[in-house]
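Below: one structure, written as structure tokens.
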Protein chains: 2
Amino acid sequence: MVASLKLTKLPVSVAARECRIALVGFGTVGRSVARILSTRPPQGLRLTHVYNRNVERKRVGWVHEHVNWTQEFDDVLKSDADVVVELVGGLDPAEQWVRRALESGKSVVTANKQLIARKGPELLKFARQHGQHLVYGASVAGGIPVLSGLQEGLAGDHIVKIAGILNGTCNFILSQIENQHMPFAEALEQAQAKGFAEANASEDIDGFDARAKLAILSRTALHVNVWPEQIATHGIREVEEIDFGYAHDLGCTIRQISRAELQEKTLFAGVQPALVPRSSPLARVSGSQNLVVSTGEFGGETVFSGFGAGGDPTAVAVVSDLVWVARNRHNGAYAYDVESVRELQVSSDFETRHYVRFKVADKPGILAALANVFSRHEINVDAVLQRPGHAKSELPFVVTLEPCRTQKVQEALNEIRKLDFHVAAPVEMPILG
Amino acid sequence: MVASLKLTKLPVSVAARECRIALVGFGTVGRSVARILSTRPPQGLRLTHVYNRNVERKRVGWVHEHVNWTQEFDDVLKSDADVVVELVGGLDPAEQWVRRALESGKSVVTANKQLIARKGPELLKFARQHGQHLVYGASVAGGIPVLSGLQEGLAGDHIVKIAGILNGTCNFILSQIENQHMPFAEALEQAQAKGFAEANASEDIDGFDARAKLAILSRTALHVNVWPEQIATHGIREVEEIDFGYAHDLGCTIRQISRAELQEKTLFAGVQPALVPRSSPLARVSGSQNLVVSTGEFGGETVFSGFGAGGDPTAVAVVSDLVWVARNRHNGAYAYDVESVRELQVSSDFETRHYVRFKVADKPGILAALANVFSRHEINVDAVLQRPGHAKSELPFVVTLEPCRTQKVQEALNEIRKLDFHVAAPVEMPILG
């Protein structure tokens, strides 16, 4: 955020004028935004336009009769709306529409995480060039006010680490595998039936949704510019019920963790399933909820949690951003501090303990072979865990490794994969905390 | 060469000028604020003055040599400082000093919960009359950005309920009774030895600290003006280890809960020990940490937690407020929405389940006598719990009551107290969730 541009207070009349809002996209979130603006509008906000393709099939009777419905985006641009709420999602045409709105003198509020993760820095500059706001609190963790909390409430700290559960679908699936003892595919079907999972399930379960959010969080909390493609991302498809059993034996559970950590001149960042201690706040997130832990040099750990997705919680974030724009649209304040964002080397090579689960056709000498490879790579084995009751033809067991760089473990595993006793590829996860 | 120093300074716009800070009070929090401003000052903040009584004994070498140390508050008023950070605490002279600072054209950042709880509304108006900011994010929950989160990040929701653990000392003491099986007095001694408890322990353990914070939270989150004296407040002195045993039998633990809830035209508010389900976020707060759960009509439950006290976390909140003032001091924005705060009837008469623990000299007919009184007051007994292994001369047992107004339970207990079998006064707590 930048210091004020205007030094004098505005005449009350200008500041007090209603802020006129055009909703672009009338899906689940758009409807929820309209509902809040129709039933409990914060002072000074007024819904004036709704855009959607084939708008007639979207029209509802419960918004104010003066709201203009249109299926031409140009009508929005030409209108007297002060703020465009972009809820169409994706990059195309969202990016062009955001630019055109800003060019035509309208501020933009968006929940579009992919757009902001990929184009946020240049769109923020573009907005400033046109004297407009671009605010995107709803793009990360829905109704949880984590971006504003990091940007404003913790502005006095030096945040060095963030870790979060940023994808509710993954958390729901992992919770189902853990508690209902169901296989991954069945848990995924349930998530889709409940409407959690994105239409393209891969976005969720392969981690692309979470890494876009992590990129945005890293800029805001750690002031480091990172692009989604720079974040090593690993999905949850390989996690099985047996892994929860071994995780429990280690005092842990398994969550899909998005994390970023500043260490000198490097930003370590990654999205992947990980073992987290059961005493950690990350272990206690149930179902489709989200949680973010930030660690500051001075304030220690601060935790934000709640509903990270869904129409109403996401709409709360959108409307909160609209309140912010209405309060600040004439005063020269900006929601995000663009200037302080640095470019740093980005790495996924965390130093951490590791969990490796093997599934083998049992025969003598397997442990010796593994120990031999790890040893040659200078990796110390911490423990070997083998739960009873499994057939020798498909025997799962776990090796935990003392703290070392992830890259070294990958190199060892590349060798190990070539050995002839596997019946499934080894599954590696970091052990946090 | 000295004479040319002035000329080498570039003319800078007023907006870009550094924000000069006078620290008033150099105790634990003041030192931590100075440390952040000396080691990692956010852009645009500069410590220029430190006030303390007998300042010489406080002086440290690690702040910038240009900082002015003084033991005369008038020196601060006459100085070129832009913001006064009030960290002397209490009402007198803090209130007068805050007013004089605002009058002399300085904004004020304070961590003083008693001052803000009692005088906040009029001081905010006074600040606006003088075109200055008064910001107090550090007055509730220290380093956890809950006030800004409720005010800004959840501005789009309609918050109907807040519940929190706002006093770390009480939480530490209750945790020790529960986990270390120590009596209240010993746990209190430990808290004092660790420096958690306030000098006057009653402020913490009798709930006065928490109720001041709840008053501030209620204004911010629920937009209702409530004074500390209107909040029914009950301390934790009567909670014993046996209560944790019975609470566990009921799937709960015991925490000192501060809560406020909007119901039509009434604000229900209270501070007291309560049974909370072990699955609740409130049950998971360990040691001296703080946690706040807000419930919104649209966004559901949002949880904020972290370090609610201590020099460094509180200093983070102070410095974050300073960043806010520096960003907004010339633009006419205000940190708190004064206009929307309403006056409502305040009541402590929550409708809830109740836990009542008796300690009696056992004889026949006690349960019948209790049941008789509850029945005459139209209160339904839910369950009777009696753990084995206690002497008949001092027998503890618990009665749980179906949901009813607290006032009715109090009336019944006033009758029950007169019965002749008690060896200790009955202990009543609500059962939440």
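Only one of the numbered conditions (1) hydrophobic (A, V, I, L, M, F, W, C); (2) without any contact (Cβ under 8 Å) to a residue 12 or more places away in the chain; (3) within 20 Å of residue A:29 (Cβ to Cβ) is not met by residue A:155, and that is (3).
Scanning the range A:116-130 for residues that are touching a residue at least 40 places away in the same chain (Cβ under 8 Å) and either within 13 Å of chain B (Cβ to nearest Cβ) or surrounded by fewer than 18 Cβ atoms within 10 Å (Cβ to Cβ) (or both) yields a total of 3. Right, residue B:229: surrounded by fewer than 18 Cβ atoms within 10 Å (Cβ to Cβ) and not in a helix (DSSP H, G or I) or not? Answer is no for this residue.
Scanning the range A:131-157 for residues that are more than 10 Å from chain B (Cβ to nearest Cβ) and in contact with an Asp or Glu (Cβ under 6 Å, 6 or more places away or on another chain) returns a single hit, A:135. Being of a type in the set (Ser, Thr, Tyr) and over 20 Å from the mean Cα position of the chain (by Cα) is a description that applies to residue B:355. With respect to the stated conditions, residue A:256 fails to be touching a His at 6+ places or on another chain (Cβ under 7 Å) and in contact (Cβ under 8 Å) with a residue 12 or more places away in the chain. One residue stands out in the range B:158-186 among those that are of a type in the set (Gly, Ala, Ser) and surrounded by fewer than 24 Cβ atoms within 10 Å (Cβ to Cβ): the one that is farthest from the other protein chains (Cβ to nearest Cβ), namely B:185.
In the range B:25-51, the residues that are more than 9 Å from every other protein chain (Cβ to nearest Cβ) form Cβ pairs under 7 Å with partners that are among the aromatic types (Phe, Trp, Tyr), at six or more places apart or across chains, as follows: B:38/B:62; B:50/B:26; B:50/B:69; B:51/B:73.
Within the range B:317-332, restricting attention to residues that are of a type in the set (A, V, I, L, M, F, W, C) and facing chain A (nearest Cβ under 8 Å), the residue that is surrounded by the fewest Cβ atoms within 10 Å (Cβ to Cβ) is B:323.
Would you call residue B:150 within 23 Å of residue B:295 (Cβ to Cβ) and either within 22 Å of the chain's Cα centre (by Cα) or without any contact (Cβ under 8 Å) to a residue 24 or more places away in the chain (or both)? Considered against the rule, which asks whether it is within 23 Å of residue B:295 (Cβ to Cβ) and either within 22 Å of the chain's Cα centre (by Cα) or without any contact (Cβ under 8 Å) to a residue 24 or more places away in the chain (or both), residue B:150 comes out as yes. Filtered by the rule that a residue be farther than 22 Å from residue B:143 by Cα and touching a helix residue (DSSP H, G or I) at 6+ places or on another chain (Cβ under 6 Å), the range B:207-224 gives a lone residue, B:224.
Quick check, is residue A:279 of a type in the set (Ser, Thr, Tyr) and within 7 Å of chain B (Cβ to nearest Cβ)? It is false that residue A:279 is of a type in the set (Ser, Thr, Tyr) and within 7 Å of chain B (Cβ to nearest Cβ).
Among the residues that make up the range B:364-381, is at least one of them under 28 Å from residue B:283 (Cβ atoms), surrounded by fewer than 17 Cβ atoms within 10 Å (Cβ to Cβ) and modelled with pLDDT of 95 or more? Yes - at least one qualifying residue is present in the range B:364-381. Per the conditions (1) without any contact (Cβ under 8 Å) to a residue 24 or more places away in the chain; (2) within 18 Å of residue A:342 (Cα to Cα), the sole criterion not satisfied by residue A:192 is (2). Remark: pairs (first residue in the range A:57-81, outside the structural domain of residue A:132 (by TED's automatic domain parsing) and touching a residue at least 24 places away in the same chain (Cβ under 8 Å); second residue small (Gly, Ala, Ser) and part of a helix (DSSP H, G or I); Cβ separation under 7 Å; 6+ apart in sequence or on different chains) are absent.
Note on the range B:352-368: residues that are touching a helix residue (DSSP H, G or I) at 6+ places or on another chain (Cβ under 8 Å) and not aromatic (Phe, Trp, Tyr) amount to 8. The single residue among B:251, B:270, B:245 that is out of contact with any Gly (no Cβ under 8 Å at 6 or more places or on another chain), more than 10 Å from chain A (Cβ to nearest Cβ) and either among the β-branched types (Val, Ile, Thr) or crowded, with 23+ Cβ neighbours inside 10 Å (or both) turns out to be B:270. Among residues of the range A:356-380 that are at positive phi and in the same structural domain as residue A:243 (by TED's automatic domain parsing), none has a beta-carbon under 6 Å from a residue that is surrounded by fewer than 11 Cβ atoms within 10 Å (Cβ to Cβ) and in a helix (DSSP H, G or I) at least six positions away or on a different chain.
Here the condition is being within 17 Å of residue A:248 (Cα to Cα), without any contact (Cβ under 8 Å) to a residue 40 or more places away in the chain and either among the hydrophobic types (A, V, I, L, M, F, W, C) or part of a strand (DSSP E or B) (or both); of A:398, A:427, A:384, it holds for A:384 alone. Just one of the listed residues (B:350, B:304) is at the interface with another protein chain (Cβ under 8 Å from one of its Cβ atoms), surrounded by 21 or more Cβ atoms within 10 Å (Cβ to Cβ) and out of contact with any Leu (no Cβ under 6 Å at 6 or more places or on another chain), namely B:304. Residue count for the range B:333-347 satisfying the condition of being within 14 Å of chain A (Cβ to nearest Cβ) and in a loop (DSSP other than H, G, I, E, B): 9.
Within the range B:348-358, the set of residues being out of contact with any Gly (no Cβ under 8 Å at 6 or more places or on another chain) and part of a loop (DSSP other than H, G, I, E, B) comprises B:349 only.
Screening A:258, A:279 for residues that are surrounded by 21 or more Cβ atoms within 10 Å (Cβ to Cβ) and of a type in the set (Ser, Thr, Tyr) leaves exactly one candidate, A:258. The sole residue among B:314, B:295 that is under 27 Å from residue B:40 (Cβ atoms), more than 8 Å from chain A (Cβ to nearest Cβ) and among the β-branched types (Val, Ile, Thr) is B:314. Counting only strands (runs of 3 or more DSSP E) that sit completely within the range B:256-321, those holding 1 or more residues that are aromatic (Phe, Trp, Tyr) correspond to B:266-277, B:300-306. The set of residues from the range B:373-382 being out of contact with any Leu (no Cβ under 8 Å at 6 or more places or on another chain) and either under 17 Å from residue B:247 (Cα atoms) or of a type in the set (Gly, Ala, Ser) (or both) comprises just one member, B:375.
For every residue, the table says whether it meets (1) under 27 Å from residue B:223 (Cβ atoms); (2) over 13 Å from the mean Cα position of the chain (by Cα); (3) of a type outside the set (Val, Ile, Thr).
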| residue | (1), (2), (3) |
| --- | --- |
| B:140 | yes, no, no |
| B:146 | yes, no, no |
| B:157 | yes, yes, yes |
| B:166 | yes, no, yes |
| B:178 | no, yes, yes |
| B:184 | no, yes, yes |
| B:188 | no, yes, yes |
| B:192 | no, yes, yes |
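Each residue in the range B:386-414 was checked for being within 35 Å of the chain's Cα centre (by Cα) and buried (at least 17 other Cβ atoms within 10 Å of the Cβ), and 12 pass.
The values are calculated or read from the model by the stated rules, or taken from the named source; none is laboratory data. As the structure is a prediction and not an experimental result, all values here were calculated from the model. Positions of Cβ are generated from backbone atoms using ideal geometry, with glycine treated the same way; all protein chains shown enter the neighbour counts.
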